[in-house]
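The structure appears right after this line, and notes come after that.
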2 protein chains.
Amino acid sequence: MFKTAKFNRISQNIVQQIRQAILKGDLQPGHRLPPEKELAENFGVSKASLREAFRALEALGLLEVRQGVSGGAFICEVDLETARNNIVNYIFFQNPSIREFTQLRIILEPAISRLAAAKVKDEQLAAIEENLNEAKIELDSGSFSYELDIDFHRRIADITENSLIHLVIDSMQSALVNIKKLIDPDYDFSLKVYHAHVRIFDALRSRNPDKAAEEMLRHVKEVGDGLTAFCDPKNPCAPSEKN
Amino acid sequence: MFKTAKFNRISQNIVQQIRQAILKGDLQPGHRLPPEKELAENFGVSKASLREAFRALEALGLLEVRQGVSGGAFICEVDLETARNNIVNYIFFQNPSIREFTQLRIILEPAISRLAAAKVKDEQLAAIEENLNEAKIELDSGSFSYELDIDFHRRIADITENSLIHLVIDSMQSALVNIKKLIDPDYDFSLKVYHAHVRIFDALRSRNPDKAAEEMLRHVKEVGDGLTAFCDPKNPCAPSEKN
DNA sequence: AAACATTAAAACATCTGATGTTTTAATATT
DNA sequence: AATATTAAAACATCAGATGTTTTAATGTTT
């Protein structure tokens, strides 16, 4: 009838109280909590329990504890890296197939490119061009930078100035890299990626939404096919095969 | 030149070691770590530090610690709730506008409905119909259930059998509810939502992808406009106005 | 006055060991 | 066979001692 109340720990209780206070707006980023000793007395718990709660809140990205005379426990905004890491952890266990990644990317990325082409600014184009220049250097030296690849897609997502789109693209790209690293693409693959990126960039530069969407769709499909080709089609890229 | 190495804590060190072992596949869900005392000796740290690491790993959803004779610290899969909570925390601070939510939903949800209409099974339709029946009861009693609303969209996303799509829709809906709750929609709004859901259901039942996408698009836009109408157009739904 | 070095205190980090609580496997009883 | 009891494994919590980091305040030099 009722959910089993899973945690009955003091630390968990404190975590919930502080998280709720943050979500209610009572505790705002930058706010410094009282010193350990004092706060422990407030809560009526030992220092050890309070510290366990602090570690959990830090893991959630809601708190930062610093040593030193003007240190202490500070409320902070959850940053992108924390959110992304958690998503990547979750996706790791879900172990989605290339097909699933590609299906979602086909929905998202062409539409995002379309939006981006309609409002991209010159300095944003310049930043993407710089990305392509670096990618070209990597390519010519026979290597492939996952970071640059992620960065290309992230920059396009950023043009929308939509924090939700930013989070989704950033997280999906990060999770996808873990698969790509298992596969270790060859030169031919890297070349295709580079050329596709250039075509997408050209579409953005000419502020052509349809073209930008079309080229991104082609790119995402090509990458999906390319990655699938490297995998066992029946059990695509299962990490259980690593051992 | 270098990133400041933020954490130098023993507990953080242990968290990273265990997380890496999980991501490497060396520690799998269900695995029980040695007892506190023994593991603390292994790591060469005190029990207190080890316990702080455990609390952080629990917050990340990677560990579950149970008391009792056959208890201990067990590796576990990150569950949806943990991932969702973290995303909701992040989005809370980003405080995206209704416009941003709607922009992403317009990209995602019609496309997902299209996919769903092409492969929906009878029992999935029955489950959605049941959702609508419950929503009708709520509506007739003059109330509105956010849970049922989320559930409707989640069920459609589930039809795709894509865990990434599932995560994204689930998280976005959960984050959006926090905004809706601030607004407290009136009867007219609830009625519109219900009718839109019925139209989407009809499209799914007739296995009509285009129609399903079209109705979902109309619904998402309608909700976006409806929510915006309730908000200050210059500063949409900023939680700073709660006080 | 500005730049630099020193110092001391605030606040967290870690360890140790004692005591309490929960859970369940094993045992005993009916 | 079902039920009740018990004991031990393993975590939960606490108290207090000691160590380390950080920086504001102070002092010194140029």
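The values are calculated or read from the model by the stated rules, or taken from the named source; none is laboratory data. In this text the structure is predicted, and so the values were computed from the model without any measurement. A quick note on method: Cβ atoms are made from the backbone with ideal geometry, for glycine too, and the neighbour counts reach across all protein chains shown.
Based on what the data block shows, is B:L57 more than 9 Å from DNA strand D (Cβ to nearest atom), assigned to a helix (DSSP H, G or I) and touching an Asp or Glu at 6+ places or on another chain (Cβ under 8 Å)?
So B:L57 fails the test.
Scanning the range B:189-231 for residues that are of a type in the set (S, T, N, Q) and in a helix (DSSP H, G or I) turns up B:S190, B:T228. Residue count for the range B:63-82 satisfying the condition of being out of contact with any Asp or Glu (no Cβ under 7 Å at 6 or more places or on another chain) and more than 16 Å from DNA strand C (Cβ to nearest atom): 7.
Results for (1) surrounded by 22 or more Cβ atoms within 10 Å (Cβ to Cβ); (2) under 30 Å from A:T160 (Cα atoms); (3) among the acidic types (D, E), shown as yes or no for each residue.
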{"residue": "B:A53", "(1), (2), (3)": "yes, no, no"}
{"residue": "B:G61", "(1), (2), (3)": "yes, no, no"}
{"residue": "B:V65", "(1), (2), (3)": "no, no, no"}
{"residue": "B:S70", "(1), (2), (3)": "no, no, no"}
{"residue": "B:F74", "(1), (2), (3)": "no, no, no"}
{"residue": "B:E81", "(1), (2), (3)": "no, yes, yes"}
{"residue": "B:Y90", "(1), (2), (3)": "yes, yes, no"}
{"residue": "B:L104", "(1), (2), (3)": "yes, yes, no"}
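Taking the listed residues B:N13, B:N42, B:N86, the one that is away from DNA strand D (no atom under 12 Å from the Cβ) and buried (at least 22 other Cβ atoms within 10 Å of the Cβ) is B:N86, with no other qualifying.
When restricted to residues that are part of a helix (DSSP H, G or I) and touching a residue at least 40 places away in the same chain (Cβ under 8 Å), the range A:170-188 contains 12. Close Cβ contacts (under 7 Å, 6 or more residues apart or on different chains) running from residues in the range B:192-220 that are at negative phi to residues that are outside any helix (DSSP H, G or I) comprise B:L204/B:V120. Taking B:L27, is it among the hydrophobic types (A, V, I, L, M, F, W, C), away from DNA strand D (no atom under 14 Å from the Cβ), in contact with a strand residue (DSSP E or B) (Cβ under 8 Å, 6 or more places away or on another chain) and away from chain A (no Cβ under 11 Å)? Answer is yes for this residue. State which residue is modelled with the highest pLDDT when the search covers only the range B:5-15 and only residues that are out of contact with any helix residue (DSSP H, G or I) (no Cβ under 7 Å at 6 or more places or on another chain) and within 11 Å of chain A (Cβ to nearest Cβ). Filtering first and then ranking leaves B:Q12.
So that you can scan it fast, the table gives a plain yes or no per residue for (1) under 19 Å from the mean Cα position of the chain (by Cα); (2) closer than 30 Å to B:Y90 by Cα; (3) modelled with pLDDT of 95 or more:
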| site | (1), (2), (3) |
| --- | --- |
| A:L115 | no, yes, yes |
| A:A118 | no, yes, yes |
| A:Y146 | yes, yes, no |
| A:D184 | no, no, no |
| A:A203 | no, no, yes |
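Within the range B:3-54, the set of residues being in a helix (DSSP H, G or I), more than 10 Å from DNA strand C (Cβ to nearest atom) and of a type in the set (D, E) comprises B:E38 only.
Determine, yes or no, whether A:V78 is more than 8 Å from chain B (Cβ to nearest Cβ) and aliphatic (A, V, I, L, M). No; evaluated as a whole, the condition is false for this residue. Does A:F93 count as facing another protein chain (nearest Cβ under 7 Å) and farther than 30 Å from A:P209 by Cα? It is true that A:F93 is facing another protein chain (nearest Cβ under 7 Å) and farther than 30 Å from A:P209 by Cα. Taken over the range B:150-169, the criterion of being polar (S, T, N, Q) and not in a loop (DSSP other than H, G, I, E, B) is satisfied by B:S163 alone. With the structure loaded, tell me whether B:V65 is touching a helix residue (DSSP H, G or I) at 6+ places or on another chain (Cβ under 9 Å), touching a residue at least 12 places away in the same chain (Cβ under 8 Å) and of a type outside the set (K, R) or whether it fails that test. So B:V65 does not fit the description; no. Close contacts from the range B:1-28, counting a first residue that is at positive phi and a second that is at pLDDT below 95 and among the polar types (S, T, N, Q), with Cβ to Cβ under 8 Å and a gap of 6+ residues or different chains, come to B:G25/A:S240; B:G25/A:N243. B:I75: within 16 Å of DNA strand D (Cβ to nearest atom) and among the hydrophobic types (A, V, I, L, M, F, W, C), yes or no? For B:I75, the condition - within 16 Å of DNA strand D (Cβ to nearest atom) and among the hydrophobic types (A, V, I, L, M, F, W, C) - is met.
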